[in-house]
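See below for the structure under consideration.
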Amino acid sequence: MNKALRNPMTYILFVIPGMLLLFMFFVYPLISSLYYGFTNWNGISDHVKLVGFRNFSKALSDPAFWSSVKNNGYFILFSVFIQVPITIVASLMIANVKKLQGLYKTAIFMPTVMSTAVIGILWGFIYNYDVGLLNKIIVFFGGQPVDWLGSPKTAMLSILITNCWQWAGFYIVMILAAILTIPKELDEAAMIDGATGLQRVRRITMPLIMPVISVVIMLSIAGSMKAADIIIVMTKGGPASSTDVMATYMIKYAITNFKYGYGNALSFIIFIFTMVVTVLYQVLIAKRAERIDY
Amino acid sequence: MNALKKSGNHIFLMAYLLIILFPFLFVVFSSLKLNNAEIALSPFGLPKEFHWGNYVDAWVNAKINVYFFNSLYISVVSSCLTIIISSMIGFALTRMKYNKISAILYSVVLLGMLIPNTSLMLPIYLLLQKIGVLNTHLALIIPYVANAIPLSTIIIAAFMRSLPAEIEEASVIDGLTAKGIFARIALPLVGPALVTVFIMSFLGNWNEFLLANYFLSDDNLRTLPVGMVQFRDAKLSNYAQMSAGIVFCVVPVMLIYSVLQKQIIEGVTAGSVKG
């Protein structure tokens, strides 16, 4: 038995292709990005010169970069304080109804399986000043049309709403799955003890789904750090860089402006920021939401 | 009182449903309208006449057909490679008797989950250039497979782990080698996991935009989302045709989703809770 499953050639054969790809596309790029971050390379010429921490200090003292960091921050704040509460309420409601539960669950998840690029185009159309649906509704109710994506004041908010629209269903499905695995007896016992609906949600359901909510918050933070495609499709970072996030700022620099060294420094900073946010969240918050067994 | 609360839930959820579905309806209606004037005049109304020509124009003139088949080819090939490679690693790490090495390699796989690889686009671009695949379909297929490996391996390994050891013992007595056990015993038994992994990775690849946008410059190689964005930028003035293009992008995914929604939702919950 052990002999058949102890075949070094087969083991190596099975492990090599995957490990090679992981090395090529995760480990090597990370190291290479750190190396080029210390150079002034333009991405084309043979001339590569080490410049020390210059790229890093340039990035960290660049107000445009910090403004993109701020936009990532808006993404995080919007997801954690607006999207997550909406998804919790919606999940509780879906769990509470019997009729049409399947329909709600299926339909709500739909935007999540769509391409972000296509959703960006679709919502860009809805936000359109002249023919867009949103302005038509506003005018219908007697308001003034707004240049949603064209004005620095509203562009970021418009993107955040679209992003929320796309991903809310994803989190609802996860939270709902957790709610539906809670044994019915717990709720029934509390009901017999005379607890009202709201009390049961607060004292029983919420504590029991905290671990999943914690995962949801974690995922939405990770997603907020990665967001780029929706911005490139909807505003390309404009108007006047008001919607640039770290990733789009990096792409702009490295690919459009041929500052490969600087771009890699940015890319490494993004990696560090993401790690810091993730670890901070894990240490400060997630640890408190311990796993609960029932 | 209780009935009132229930219908309150339904009212909220129906409103939510409307917010989800209305944009899609708006696009479908717009895609059948004559021109921008008709869209602007009656944004909520049904089209006066159904202008199917918008679909023909989008499919042929905007080359949606070319992009569509590029996307299909790239997504299918990458997803197949993903399952093959991930199940091989999954099998080696969970069933073969090299526990110490396997533990280390498994944590390498987990590490892959942690690294946000959008931020690694630049070095990956360079790497693809060096190995000479930039601006071919391989420039997407290889990174797509690499990106999908961590999550796929974790899901498949979880399933492989739960296989009973007795089946293996029996098959060893019957004279199967490790490769035989993998191909004839383990793979068929984790079939449902393979299906989930295939769908998840297919949808991910079908929808991917960033790499597809920057790693391919030949228009005839482009995928659907990138082609669609280009089309939008070129046809900024023709919203009816653009809407038809959006419908082409959305319908296949809707079809896959409506048929396989159970597996997709399960896959998403399983994958993300574990990750």
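Just a yes or no: is a residue in region B:98-108 open to solvent by less than 10 Å² (accessible area, probe 1.4 Å), over 21 Å from the mean Cα position of the chain (by Cα), in contact (Cβ under 8 Å) with a residue 24 or more places away in the chain and within 21 Å of residue B:190 (Cβ to Cβ)?
For region B:98-108, residues open to solvent by less than 10 Å² (accessible area, probe 1.4 Å), over 21 Å from the mean Cα position of the chain (by Cα), in contact (Cβ under 8 Å) with a residue 24 or more places away in the chain and within 21 Å of residue B:190 (Cβ to Cβ): absent.
Is it fair to say residue A:5 is within 30 Å of residue B:87 (Cβ to Cβ), surrounded by 15 or more Cβ atoms within 10 Å (Cβ to Cβ) and touching an Asp or Glu at 6+ places or on another chain (Cβ under 9 Å)?
Against the criterion (within 30 Å of residue B:87 (Cβ to Cβ), surrounded by 15 or more Cβ atoms within 10 Å (Cβ to Cβ) and touching an Asp or Glu at 6+ places or on another chain (Cβ under 9 Å)), residue A:5 qualifies.
Kindly list the number of the only condition in (1) surrounded by 13 or more Cβ atoms within 10 Å (Cβ to Cβ); (2) farther than 27 Å from residue B:101 by Cβ that fails for residue A:23.
Going through (1) surrounded by 13 or more Cβ atoms within 10 Å (Cβ to Cβ); (2) farther than 27 Å from residue B:101 by Cβ one by one, residue A:23 breaks only (2).
Quick check on my filter: what residues within region A:103-126 are small (Gly, Ala, Ser) and either within 20 Å of residue B:75 (Cβ to Cβ) or touching a Gly at 6+ places or on another chain (Cβ under 7 Å) (or both)?
A:115, A:117, A:120
Residue check: is residue A:169 touching a residue at least 24 places away in the same chain (Cβ under 8 Å), assigned to a helix (DSSP H, G or I) and not hydrophobic (A, V, I, L, M, F, W, C)?
Considered against the rule, which asks whether it is touching a residue at least 24 places away in the same chain (Cβ under 8 Å), assigned to a helix (DSSP H, G or I) and not hydrophobic (A, V, I, L, M, F, W, C), residue A:169 comes out as yes.
Residues of region B:127-140 being more than 7 Å from chain A (Cβ to nearest Cβ), open to solvent by 10 Å² or more (accessible area, probe 1.4 Å) and in a helix (DSSP H, G or I), which ones?
B:129, B:130, B:138
Given the residues B:89, B:74, B:83, which is the only one that is open to solvent by 10 Å² or more (accessible area, probe 1.4 Å) and at pLDDT 90 or above?
On inspection, the qualifying residue turns out to be B:83.
Across region A:213-262, what is the total count of residues that are open to solvent by 10 Å² or more (accessible area, probe 1.4 Å), outside any helix (DSSP H, G or I) and either among the polar types (S, T, N, Q) or without any contact (Cβ under 8 Å) to a residue 60 or more places away in the chain (or both)?
Going through region A:213-262 one residue at a time, the tally reaches 5.
Of all residues in region A:72-82, how many are touching a residue at least 24 places away in the same chain (Cβ under 8 Å) and either away from every other protein chain (no Cβ under 13 Å) or open to solvent by 70 Å² or more (accessible area, probe 1.4 Å) (or both)?
Qualifying residue count for the region: 7.
Within region B:212-239, how many residues are open to solvent by less than 20 Å² (accessible area, probe 1.4 Å) and more than 10 Å from every other protein chain (Cβ to nearest Cβ)?
2
The values are calculated or read from the model by the stated rules, or taken from the named source; none is laboratory data. What you see is a predicted model; the values in this text were computed from it and never measured. As a convention, Cβ positions derive from the backbone with ideal geometry for all residues, glycine included, and neighbour counts pool all protein chains shown. When the accessible area is computed, the model is the full protein with side chains, heavy atoms only, and any ligands, DNA or RNA have been set aside. Shrake-Rupley method; radii C 1.70, N 1.55, O 1.52, S 1.80 Å.
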